[in-house]
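Colleague: Below are the structure tokens for one structure; questions will follow.
Please treat every number below as a calculation from the coordinates, not as lab data. What you see is a predicted model; the values in this text were computed from it and never measured. Here the Cβ is made from the backbone with ideal geometry for all residues, glycine too, and neighbour counts use every protein chain on show.
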Amino acid sequence: MMWKMLGEKDPMAAHRIDSKSIFALGRSNDAKEGVQSFLEKRNPNFIDKVSVDMPKFYPWWDDDSF
């Protein structure tokens, strides 16, 4: 996100994407597992994968056509 947002005119664009990301990932299975494993004092078993469990709005940018 930081790399893609370097060319934005206004920091609010990054804020919008960041807020969506925090909301979506905060509701993920891994977030729930992280809290539950902490409360149970055990090692977490994270099951989400970047390859399939990214938020629905990802990718949010449009690739340049050449």
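Colleague: In the stretch 1-53, which residues are over 12 Å from the mean Cα position of the chain (by Cα), of a type in the set (Asp, Glu) and assigned to a helix (DSSP H, G or I)?
Modeller: Answer for the stretch 1-53, where residues must be over 12 Å from the mean Cα position of the chain (by Cα), of a type in the set (Asp, Glu) and assigned to a helix (DSSP H, G or I): just GLU33.
Colleague: Within the stretch 22-66, track down each residue that is under 28 Å from TRP3 (Cβ atoms), exposed (fewer than 10 other Cβ atoms within 10 Å of the Cβ) and either of a type in the set (S, T, N, Q) or in contact with an Asp or Glu (Cβ under 6 Å, 6 or more places away or on another chain) (or both).
Modeller: Once the filter is applied, which keeps residues that are under 28 Å from TRP3 (Cβ atoms), exposed (fewer than 10 other Cβ atoms within 10 Å of the Cβ) and either of a type in the set (S, T, N, Q) or in contact with an Asp or Glu (Cβ under 6 Å, 6 or more places away or on another chain) (or both), the stretch 22-66 yields SER51, SER65.
Colleague: Next question, about the same structure. Among all residue pairs at least 6 apart or on different chains, which show Cβ distances below 9 Å where the first residue, located in the stretch 1-20, is in contact (Cβ under 8 Å) with a residue 40 or more places away in the chain and farther than 17 Å from ASP64 by Cα and the second is of a type in the set (A, V, I, L, M, F, W, C) and assigned to a helix (DSSP H, G or I)?
Modeller: So the pair list comes out as ILE17/MET5.
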